[in-house]
Number of protein chains: 2
Amino acid sequence: MNTELVQAREHFIQGMSRISHFWGFSKAMGAIYGAIYLSPAPISLDELVAQVGVSKGAVSTNVRTLERLGMIHKRIQLGDRKDYYIAETDFWKIVRRVLREREQSEFDQALRTVGESMVLVEELIEGADTEMDVETAVFYSDRMQAMQSFFNSLDNLVAMLIALEDLRSKSVQNLFGR
Amino acid sequence: MNTELVQAREHFIQGMSRISHFWGFSKAMGAIYGAIYLSPAPISLDELVAQVGVSKGAVSTNVRTLERLGMIHKRIQLGDRKDYYIAETDFWKIVRRVLREREQSEFDQALRTVGESMVLVEELIEGADTEMDVETAVFYSDRMQAMQSFFNSLDNLVAMLIALEDLRSKSVQNLFGR
DNA sequence: AACTATGTTTAGTTTATACTAAACGATTGG
DNA sequence: CCAATCGTTTAGTATAAACTAAACATAGTT
């Protein structure tokens, strides 16, 4: 293939690598997605190894993660033992999926911790012994409440955005100037 | 202070630590913010070292980052050489600030890389030699265009959210159920 | 001016993460 | 049934981030 075209691809892949890292994924994952995204035809694991320049094992695990996130899809061809991959090109779909994934895992868990702390403090307010403790406990309770409230709002906001995007993806209208 | 109250605080701080890590900041940073957030009075660096359990140096650098992000504020008291810190409690304000910060730094840069790759490819389409190269180059160009378009939309969306939040913070109305 | 209290910087260490190389397992073809 | 071709798993390694300990800088106090 044309050298300059390869250079352009590599530059793009490098950019994807950066973005991936920026969003908290591994660099290789972004690079691999970039390579798949720029492949005109379904691309095999070996070709990815060649294009991205990481080991087969790394490509294997990253590709699995990408598939779990719905960012790529596996295409098996009859009479061919290789797995081929194509890129999901609906980015909003990807965003939705990733947001859902992240909400479920760590985000909820963190929220729960805040809730637990709040319950701990509020239980304490009941059977408090000294006056000073009550004062501090009430302060704690208020602050924790405020934070939990914020996280709930954030949760609602994200849910709203996902819903909006669901509408958009059904091609009602493009609200965000694409 | 009451042991159970301390436990509740530590549980909360641990939660903040997780959230911080989840959002791509250091764990200590979240913990430190948590400690400041739960302090009824402005809190000094030494007290933070005691409560969070990391070294003075780490507290110092993390505190500086927190201040840069507008998550905490320094309060110097007359006749006291220590610096004291209080927490910013307007979380939406913090979100706006962090979003702006992130957009400027890495996000823009990544976008630029995609744009550059696209220009490279499009220049190539003009002076192309073989037929096959043109075909691939056009494919690349289309895909890169689609991705850049998406990032622009995302940018607009974030800008819109910031604008919405600016309105809300001026207490027009609370749109997100707080 | 020396000493003390305080925050910052730095050099080195720890730690978590992601990768490599290679063994492994499984499937297909000869 | 053996060999070849894949993808996966694993044990070890490299690397980047973040922390510690300690030196340092600064300013206030005696």
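The values are calculated or read from the model by the stated rules, or taken from the named source; none is laboratory data. On a predicted model such as this, the values are computed, not experimentally measured, just so you know. Backbone-built Cβ (ideal geometry, glycine too); neighbour counts: all protein chains shown.
Before moving on, here are some points about what is shown:
- In the range A:73-114, residue modelled with the highest pLDDT [restricted to those that are surrounded by 15 or more Cβ atoms within 10 Å (Cβ to Cβ) and small (Gly, Ala, Ser)]: A:Ala87
- Restricting the range B:104-117 to residues that are more than 8 Å from chain A (Cβ to nearest Cβ) and touching a helix residue (DSSP H, G or I) at 6+ places or on another chain (Cβ under 7 Å), the residue that is nearest to DNA strand C (Cβ to nearest atom): B:Leu111
- Test: residue in the range A:58-78 that is within 11 Å of DNA strand C (Cβ to nearest atom), more than 22 Å from the chain's Cα centre (by Cα) and more than 9 Å from chain B (Cβ to nearest Cβ): yes
- Yes/no for B:Ser141 being within 8 Å of another protein chain (Cβ to nearest Cβ), modelled with pLDDT of 95 or more and out of contact with any strand residue (DSSP E or B) (no Cβ under 9 Å at 6 or more places or on another chain): no
- Candidate set: the range B:21-30, residues that are at negative phi and near DNA strand D (Cβ under 8 Å from one of its atoms); chosen: the one surrounded by the most Cβ atoms within 10 Å (Cβ to Cβ): B:Met29
- Conditions (1) within 11 Å of DNA strand C (Cβ to nearest atom); (2) under 23 Å from B:Phe139 (Cα atoms); (3) in contact with a strand residue (DSSP E or B) (Cβ under 9 Å, 6 or more places away or on another chain); number of the one not met by A:Lys82: (2)
- Scanning the range A:51-72 finds no residues that are within 30 Å of B:Phe12 (Cβ to Cβ) and either among the aliphatic types (A, V, I, L, M) or assigned by TED's automatic domain parsing to the domain that holds A:Tyr140 (or both).
- Only one of A:Ser60, A:Ser39 that is at pLDDT 95 or above and under 18 Å from B:Met118 (Cα atoms): A:Ser39
- So B:Leu120, is it within 7 Å of chain A (Cβ to nearest Cβ) and of a type outside the set (Val, Ile, Thr): yes
- Any chance B:Glu123 is of a type outside the set (Val, Ile, Thr), more than 30 Å from B:Ser141 (Cα to Cα) and either at pLDDT 90 or above or within 11 Å of DNA strand D (Cβ to nearest atom) (or both): no
- Residue check: B:Ile86 meets all listed conditions (1) in a strand (DSSP E or B); (2) farther than 26 Å from B:Ala8 by Cβ but one, namely (2).
- Test: residue in the range B:2-17 that is within 9 Å of DNA strand C (Cβ to nearest atom) and at negative phi: no
- Residues that are free of Cβ contacts under 8 Å to residues at least 24 places away in the same chain and more than 9 Å from DNA strand D (Cβ to nearest atom) within the range B:49-60 comprise just one, B:Ala50.
- Every residue from the range A:61-108 that is in contact with a Ser or Thr (Cβ under 8 Å, 6 or more places away or on another chain) and under 25 Å from A:Val158 (Cβ atoms): A:Ala87, A:Asp90, A:Trp92, A:Lys93
- Flag if A:Ser149 is part of a helix (DSSP H, G or I), at the interface with chain B (Cβ under 9 Å from one of its Cβ atoms) and modelled with pLDDT under 90: no
- Among residues of the range A:1-20, those that are of a type in the set (Val, Ile, Thr), more than 7 Å from chain B (Cβ to nearest Cβ) and crowded, with 19+ Cβ neighbours inside 10 Å, counted: 1
- Test result for A:Ala87, closer than 27 Å to A:Ala163 by Cβ and touching a Gly at 6+ places or on another chain (Cβ under 6 Å): no
- Screening A:Asp46 with (1) away from DNA strand D (no atom under 14 Å from the Cβ); (2) over 22 Å from the mean Cα position of the chain (by Cα) gives one miss only, at (1).
- Residue within the range B:40-62 that is of a type outside the set (S, T, N, Q), buried (at least 18 other Cβ atoms within 10 Å of the Cβ), touching an Asp or Glu at 6+ places or on another chain (Cβ under 8 Å) and within 26 Å of A:Ser105 (Cα to Cα) present: no
- Search result, residues across the range B:38-57 that are more than 18 Å from B:Ser20 (Cβ to Cβ), within 10 Å of DNA strand C (Cβ to nearest atom) and of a type in the set (A, V, I, L, M, F, W, C): B:Leu45
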